[in-house]
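*Asks:* Can you read through this structure? Questions will come right after.
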Amino acid sequence: MEIKVVIPSYRRAGNVKTIKVVSPCIICVPESELQSYKECYPNIEIVPHPDSIIGLALKRQWIYDHFGDIFMLDDDISMARRLWPMSGTKKATELTPDEAYAAIQWCGNTARLCGCYLFGFNKVPNPIIYDPFRPIMLSGYVTGCAIGLLRGSRITYSAESIAVEDFYVAGLNAYYHRKAFLDLRFNFVQEETFKRAGGLGFYRTIDTEKNDTLFLRRLFGEAITIKGESYGSHKGRTATKNHNPYGRTMHIPF
């Protein structure tokens with residue numbers, strides 16, 4: 001079963017970094033921007049969606065409906081890498097575009113064999129917190145910058161979410177399907193939120209972040225908590241700094 005790798009993009013013609021990370025891939029853009037993206041990426045398949053599809057959540061829903069078995073990567077992914085040292089090295093190593101594509105295919109197809117609809121990889125890029133004795137998990141949250149869905153689920157996206165469509169999907173998946181497939185051996189590294197023009201940055205503000213967190217709390221209650229100043233620590237070392245006062249985390253209790 002082939003998993004289509006699709007990059008949702010908006011107002012970033014000429015600035016889609018992810019095409020250098022995974023190959024082959026598809027860029028999905030509004031119809032009105034199709035020509036400008038074609039001029040910038042003549043050798044990449046570009047699929048347009050209607051201009052009436054506004055916002056990332058509805059865009060992801062259209063992609064899911066259109067392609068079925070998919071893995072969506074944000075357009076600002078800078079690297080795919082292994083989180084364990086290869087033989088002869090002392091640090092995580094970058095995947096080639098072909099290797100990244102193969103990792104996605106293995107993950108999605110193994111998820112299908114396990115009866116999962118939601119699949120993905122390690123959400124934290126720091127190898128410090130990678131646990132080699134727990135390379136696979138069958139429950140958890142999959143970050144929206146690199147998220148896979150298989151056809152036939154009860155998962156749908158909500159237009160009410162601005163930038164928390166991944167948390168919303170994880171909550172629905174846990175409620176309806178009870179498990180997900182996470183391959184924690186790999187990670188897709190994303191540029192920092194709020195740092196680039198276009199894309200979701202066109203809609204996201206501190207106010208929308210606050211409203212998004214309150215939206216999730218209404219739906220999923222204590223499963224959603226505010227991140228501390230730092231999170232993802234391991235043996236006294238901080239893996240990730242939280243720069244968003246309304247940043248949230250999800251704990252699925254099974």
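Read-outs throughout are calculated quantities, based only on the coordinates presented, and are distinct from any laboratory measurement. Just so you know, these numbers come straight off a predicted model, no measurement behind them. Counting neighbours? That spans all protein chains shown, and the Cβs are built from the backbone with ideal geometry, glycine included.
*Asks:* Do any chymotrypsin sites (Phe, Trp or Tyr not before Pro) in the range 110-164 lie in a loop, going by DSSP, with at most 14 other beta-carbon atoms within 10 Å of their beta carbon, and if so which? Please report the intermediate quantities before stating the final value.
*Replies:* Numbers: sites: Tyr117, Phe119, Phe121, Tyr130, Phe133, Tyr141, Tyr157; in loops: Tyr117, Tyr130, Phe133, Tyr141, Tyr157.
Qualifying residues, ordered by number: Phe133.
*Asks:* For Lys20 and Arg218, what is the calculated FRET efficiency with R₀ set at 51 Å and r taken between the beta-carbons, to the nearest 0.05? Walk me through the intermediate numbers first.
*Replies:* Values: r = 40 Å, r/R0 = 0.78.
Given R0 = 51 Å and the Cβ-Cβ separation, E is 0.80.
*Asks:* So, in nm, how far is label His66 from label Ala159 when the simple model puts each one 7 Å beyond its Cα toward the Cβ?
*Replies:* Rounded to a tenth, the inter-label distance reads 1.8 nm.
*Asks:* How big is the gap, in Å, between the Cα center of the range 111-183 and the Cα center of the range 84-106?
*Replies:* Each part reduced to its Cα centre gives a spacing of 20 Å.
*Asks:* When the chain is modelled as a GNM with alpha-carbon springs shorter than 10 Å, which of Val142, Val16, Val47 fluctuates the most?
*Replies:* It is Val47.
*Asks:* Next question. Measure up Lys4/Lys227; Lys59/Lys227; Lys4/Lys179; Lys20/Lys91; Lys20/Lys210; Lys38/Lys91 against 31 Å on the Cα-Cα distance and list the ones that go over. Show your work: numbers first, answer last.
*Replies:* Details: Lys4/Lys227 33 Å; Lys59/Lys227 27 Å; Lys4/Lys179 22 Å; Lys20/Lys91 21 Å; Lys20/Lys210 33 Å; Lys38/Lys91 37 Å.
In this structure, Lys4/Lys227; Lys20/Lys210; Lys38/Lys91 lie more than 31 Å apart at Cα.
*Asks:* Could you compute the longest span of the chain free of trypsin sites (Lys or Arg not before Pro) located in DSSP loops and having at most 13 other Cβ atoms within 10 Å, not counting the site residues? If you can, show how the numbers build up before the last one.
*Replies:* Numbers: sites that count: Lys90, Lys91, Arg151, Arg154, Arg178, Lys195, Lys235.
With a cap of 13 other Cβ atoms within 10 Å, the longest stretch comes to 1-89.
*Asks:* Take the chain, connect every pair of alpha-carbon atoms lying under 10 Å apart with a spring to form a Gaussian network, then pick out the residue of Leu95, Leu182, Leu113 with the largest mean-square fluctuation.
*Replies:* Leu113
*Asks:* Then there's this: With the dipole of the chain worked out from charges on the C-beta (+1 for Lys and Arg, -1 for Asp and Glu) around the Cα centre, which of Cys40, Thr156, Val189 lies farthest toward the positive end?
*Replies:* Selected residue: Val189.
*Asks:* Each residue of the range 210-221 in turn: what ³J(HN,Hα) in whole Hz from Karplus with 6.51, -1.76, 1.60 and θ = phi - 60°, glycine and Pro shown as x?
*Replies:* Listing the rounded values in order: 4, 5, 4, 5, 5, 4, 5, 4, 4, 7, 10, x Hz.
*Asks:* Considering only the range 4-193, what is the antiparallel percent among its DSSP beta bridges, to the nearest 5? Mind dumping the intermediate values first?
*Replies:* Details: 15 of 29 bridges.
Among the beta bridges of the range 4-193, antiparallel pairing accounts for roughly 50 percent.
*Asks:* How much length would be gained if the chain were fully extended between Asp51 and Thr249, taking 0.36 nm per residue of separation minus their Cα-Cα distance, in nm to one decimal?
*Replies:* Values: separation 198, 0.36 × 198 = 71.28 nm, distance 3.20 nm.
Answer, rounded to one decimal: 68.1 nm.
*Asks:* Return the long-range amide H neighbours of Thr156 (sequence gap of 5 or more, or a different chain), with a cut-off of under 5 Å between placed amide H atoms.
*Replies:* Those qualifying (amide H under 5 Å, at least 5 residues apart or on another chain) number zero.
*Asks:* Another question, then. Does a label point 7 Å from the Cα of Met1, set along Cα-to-beta-carbon, have any residues of the range 80-122 with amide nitrogen under 19 Å, and which are they?
*Replies:* Flagged as within label range: 101-121.
*Asks:* Where does the longest stretch of the chain lie that holds no GluC sites (Glu not before Pro) found in a DSSP loop with 16 or fewer other Cβ atoms within 10 Å?
*Replies:* No qualifying site falls inside 3-159, the longest such stretch.
*Asks:* Where in the range 158-190 are there chymotrypsin sites (Phe, Trp or Tyr not before Pro) that are in a DSSP coil and have at most 15 other Cβ atoms within 10 angstrom of their Cβ?
*Replies:* On the way: sites: Phe167, Tyr168, Tyr175, Tyr176, Phe181, Phe186, Phe188; in loops: none.
Listed in order of number, the matching sites amount to none.
*Asks:* Treat each spin label as a single point 7 Å out from the Cα along the C-beta direction, and report the Lys38 to Thr89 distance in nm.
*Replies:* Distance between the two pseudo-spin positions: 3.9 nm.
*Asks:* Right, next: Compute the signed sum of charges (Lys and Arg +1, Asp and Glu -1) over the other residues within less than 12 Å, Cβ to Cβ, of Asn187. List each step's numbers first, then the result.
*Replies:* Values: positive: Arg81, Arg82, Lys123, Arg185; negative: Glu94, Asp183.
Neighbourhood net charge equals +2.
*Asks:* How high is the relative contact order of the chain, in percent, with contacts defined as C-alpha pairs under 8 Å that are six or more residues apart?
*Replies:* On the way: 504 pairs, mean separation 51.8, N = 254.
Value for the chain: 20 percent.
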